[in-house]
Each structure stands twice: as structure tokens, then as C-alpha cells.
1. Got a number for residues in segment A:224-248 being under 15 Å from A:Ser129 (Cα atoms) and in a strand (DSSP E or B)?
2. I'm told B:Ile18 meets every condition in (1) outside any loop (DSSP other than H, G, I, E, B); (2) within 13 Å of chain A (Cβ to nearest Cβ); (3) surrounded by 13 or more Cβ atoms within 10 Å (Cβ to Cβ) except one. Can you identify the failing condition by its number?
3. Exactly one of (1) away from chain A (no Cβ under 12 Å); (2) under 15 Å from B:Ala61 (Cβ atoms); (3) modelled with pLDDT under 95 is unmet by B:Arg11. Its number?
4. In segment B:38-81, which residue that is of a type in the set (Val, Ile, Thr) and assigned to a loop (DSSP other than H, G, I, E, B) is farthest from the other protein chains (Cβ to nearest Cβ)?
5. With the condition being touching a residue at least 24 places away in the same chain (Cβ under 8 Å) and either more than 10 Å from every other protein chain (Cβ to nearest Cβ) or out of contact with any Leu (no Cβ under 8 Å at 6 or more places or on another chain) (or both), I'd like the helices (runs of 4 or more DSSP H) fully within segment A:15-67 carrying at least 3 qualifying residues.
6. Counting only residues that are in the same structural domain as A:Arg54 (by TED's automatic domain parsing) and of a type in the set (A, V, I, L, M), give me the helices (runs of 4 or more DSSP H) lying completely in segment A:104-205 with at least 2 of them.
Amino acid sequence: MVALAGASFAGEIPLAERRSGYELMSRETRAMQDDDTANPGMLAVLEGGGLWARKTGAAGRACADCHGDARAGMKGVAARYPAYDAARKRPVSLEQRINGCRTDRQQAPALAYESRELLALTAYVARQSRGLPIDITVDARTQPFLDSGRAAFYRRQGQLNLACSQCHDDHWGRKLAGNVIPQAHPTGYPVYRLEWQSLGSLERRLRNCLVGIRAEPYEYGAPELIDLELFLMWRARGMAIETPGVRP
Amino acid sequence: MANALINVPDRARRGEIIEIKTLISHPMETGYRRSQLGARIPRDIIRLFVCTYNGTEVFRAELYPAIAANPFVVFSTVATESGTLAFQWTGDNGFSATETATITVD
């Protein structure tokens with residue numbers, strides 16, 4: 001059924017036809033995400049809560065010293081990222097924002113991409129937005145980056161000469177090897193991916209896809225990845241944040 | 001610095017069968033993998049999980065390399081009396097973690 005429905009589309013998915021990857025998962029994997037004591041992503045959220053309150057860096061300040069209780073202060077924040085950063089004159093991801101806070105406000109070294117701590121903090125912050133709709137601001141400042149992300153999504157690349165859209169717009173719901181092709185809505189990041197047996201960021205996932213189409217992946221934090229991330233979040237506008245998601 | 005999530009009902013009737021869920025953060029490195037340079041990654045797993053109920057052992061599990069990262073163990077026991085459930089995980093490289101949960105039995 002799903003396969004047939006997916007096959008009939010080509011081009012952009014109408015807003016009402018969008019499905020989170022959650023809906024394409026098995027019953028068991030969905031149950032794992034739904035139960036906070038079975039969801040391994042919650043271990044990272046737990047750890048992130050500890051990091052949020054821990055003083056660090058030369059400034060001797062914790063995230064909580066400025067931002068207070070994350071349950072109130074961070075509510076809805078992840079739903080707005082990547083967001084425009086006036087200092088860098090471009091959108092930054094939630095990970096980059098956290099690292100910006102670390103280096104500027106806490107005067108602590110930036111955390112490495114995909115490090116346990118950065119993922120834990122990101123998951124903890126994003127968890128506070130669970131259930132809230134993705135709300136990306138599009139204005140004159142972010143429009144060029146959104147356009148660049150859109151161009152990347154529809155651009156054929158790699159030795160397989162595939163565009164993101166060829167799988168995720170045109171053939172979602174069908175199978176790629178043993179896996180169902182999702183629509184690529186980044187609703188649950190950072191996600192606990194069973195294949196990774198760990199939490200991972202959206203950038204890790206995008207780099208995975210790039211390797212899959214035999215393109216050279218961009219470095220973590222590369223502007224190309226952030227632009228694509230911005231476009232994907234805009235494409236999923238209005239859909240609910242699920243962090244920490246579980247994916248097969 | 002292990003993180004663990006425990007789910008035990010707060011209250012239960014005497015004689016009721018209660019479900020206990022435990023999830024612990026652990027890489028469960030099998031010892032069979034090699035790094036990109038070909039060096040063997042040493043085994044690092046949890047080998048034993050024990051649950052005691054007011055000091056009496058009610059559940060024990062031996063874990064092996066085939067078990068995925070962040071082991072999720074669910075089991076049941078009979079609520080006999082109010083008290084403490086203690087959970088202990090032990091493994092390679094001196095790994096040891098303990099958690100407790102309290103239950104009130106009416």
C-alpha cells in the first residue's frame with residue numbers, strides 16, 4: 001500500500017502527504033521510541049541534563065547559570081534551528097550554537113562534532129521541544145541559504161549521480177535494499193539509530209547518505225551541510241519534533 | 001559514570017506480578033572488531049546483571065558480546081513486601097554500576 005502510494009508521486013511532496021520516518025518504522029521500533037524508559041536516546045538526555053547544570057570553562061559558568069531551567073527556557077528552541085546568527089552572518093545549527101556558547105560565554109573549548117557530550121547537550125536541549133511544530137524563520141537574511149540548501153537537495157551528485165529528491169521525494173515508502181525509504185524529515189535529531197548503536201546528529205546522517213551515493217561527504221559543520229539542514233527543516237515545517245527519535 | 005534508566009511501579013498490591021525495565025548506557029564492544037588501522041578493538045562488555053529485592057536475588061542475567069549497545073533488560077517479579085530493589089551491572093575493565101528503586105506494597 002505504502003509502496004504504491006509512494007510510487008505515484010514525483011516532485012515535491014504535498015504538505016498534507018508528509019510522513020515522519022516514525023510512521024514507516026516497525027511496531028517494535030515505534031514502541032521503543034515511545035517509551036522513555038526503553039528509548040536509548042533518553043540516556044543521552046539524562047547525561048545532557050547533568051552537563052547543563054555543570055560549571056565549566058574559565059568563566060566557571062554552567063548553561064543553567066544563564067539560561068535557567070531548560071524545561072522552560074529551551075522549550076521550542078530546537079524547532080527553530082538552524083537559525084540565523086548575526087555574528088557569523090549565516091544560519092548555524094543547534095550544535096554550533098551550543099559550541100558558540102561554550103567558547104564565548106563559558107570560555108571552554110568547543111566540543112568535537114559527534115562527541116558524546118555535544119550529542120548529549122543537543123539531545124537535552126532538543127528534548128524540551130518534543131511535540132512542538134518545526135518553525136523555521138524565512139526572511140531576507142536566511143533566504144539565500146535556504147535556496148542553496150534546496151539546490152543541493154535537487155542536485156544530482158556523486159558517482160551514482162543521484163539527487164536527494166530522487167529517493168526522498170519520488171520513491172519514499174519503497175525499499176532500498178531491505179530498508180524503507182523515508183521522506184527525509186529531520187524530526188527526531190539527534191536520533192538513536194539502531195544501525196549505529198548510538199546517538200548521531202543530522203549531519204552524520206547526511207554524510208551517510210552522501211557516502212551512499214558515492215559523493216565525497218562534506219566535513220562536519222560545513223556550510224553546505226547547514227544549508228541542506230535548513231532546507232530539510234523548512235521542508236518539514238509544522239511537523240512535530242520527536243527528539244530523541246529512534247530509527248532503524 | 002554510567003547512566004541508567006529504571007522503571008519500577010511505585011506501588012503494587014501484595015502478590016501482584018510487576019514488570020521491571022532497566023536500560024543502561026554501555027558501548028558493549030564485542031572484541032571482534034578492528035579499527036581502520038587493523039588493530040583489534042579490545043572487548044568491553046557488561047558480563048553480569050543482578051537484581052536483588054530487599055537483599056534476595058530475584059533476577060540474574062549473563063551478557064555476551066552479541067548483545068547490542070545500551071542493554072535493555074525487562075523482567076518481572078512478584079511484589080512481596082515494601083522495600084528496595086537494587087540493580088547491579090558488572091563487566092570488563094572493572095565496570096560496575098548500581099542503581100536502586102523503592103516500591104510500596106499494600
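The values are calculated or read from the model by the stated rules, or taken from the named source; none is laboratory data. Not measured: the values here are computed from a predicted model. Reconstructed Cβ throughout: ideal geometry from the backbone, glycine too, with neighbour counts over all protein chains shown.
1. Selection size over segment A:224-248: 1.
2. Answer for B:Ile18: the failing condition is (2).
3. (2)
4. Looking only at segment B:38-81, we keep the residues that are of a type in the set (Val, Ile, Thr), and these are B:41, B:45-46, B:50, B:52, B:56, B:58, B:67, B:73-74, B:77-78, B:80.
Still in the list and also assigned to a loop (DSSP other than H, G, I, E, B): B:41, B:45, B:67, B:80.
Details: B:Ile41: 14, B:Ile45: 13, B:Ile67: 11, B:Thr80: 23 Å.
Per the stated criteria, the residue is B:Thr80.
5. On the way: elements: A:27-34, A:41-53, A:63-67.
Counting at least 3 such residues, we get A:27-34, A:41-53.
6. Numbers: elements: A:116-127, A:143-154, A:164-168.
Once the helices (runs of 4 or more DSSP H) in segment A:104-205 are filtered for at least 2 residues that are in the same structural domain as A:Arg54 (by TED's automatic domain parsing) and of a type in the set (A, V, I, L, M), what remains is A:116-127.
Each row is one residue, and each column tells you yes or no for (1) of a type in the set (D, E, K, R); (2) surrounded by 15 or more Cβ atoms within 10 Å (Cβ to Cβ).
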{"site": "A:Leu51", "(1), (2)": "no, yes"}
{"site": "A:Lys55", "(1), (2)": "yes, no"}
{"site": "A:Cys63", "(1), (2)": "no, yes"}
{"site": "A:His67", "(1), (2)": "no, yes"}
{"site": "A:Ala70", "(1), (2)": "no, yes"}
{"site": "A:Ala78", "(1), (2)": "no, yes"}
{"site": "A:Ala87", "(1), (2)": "no, no"}
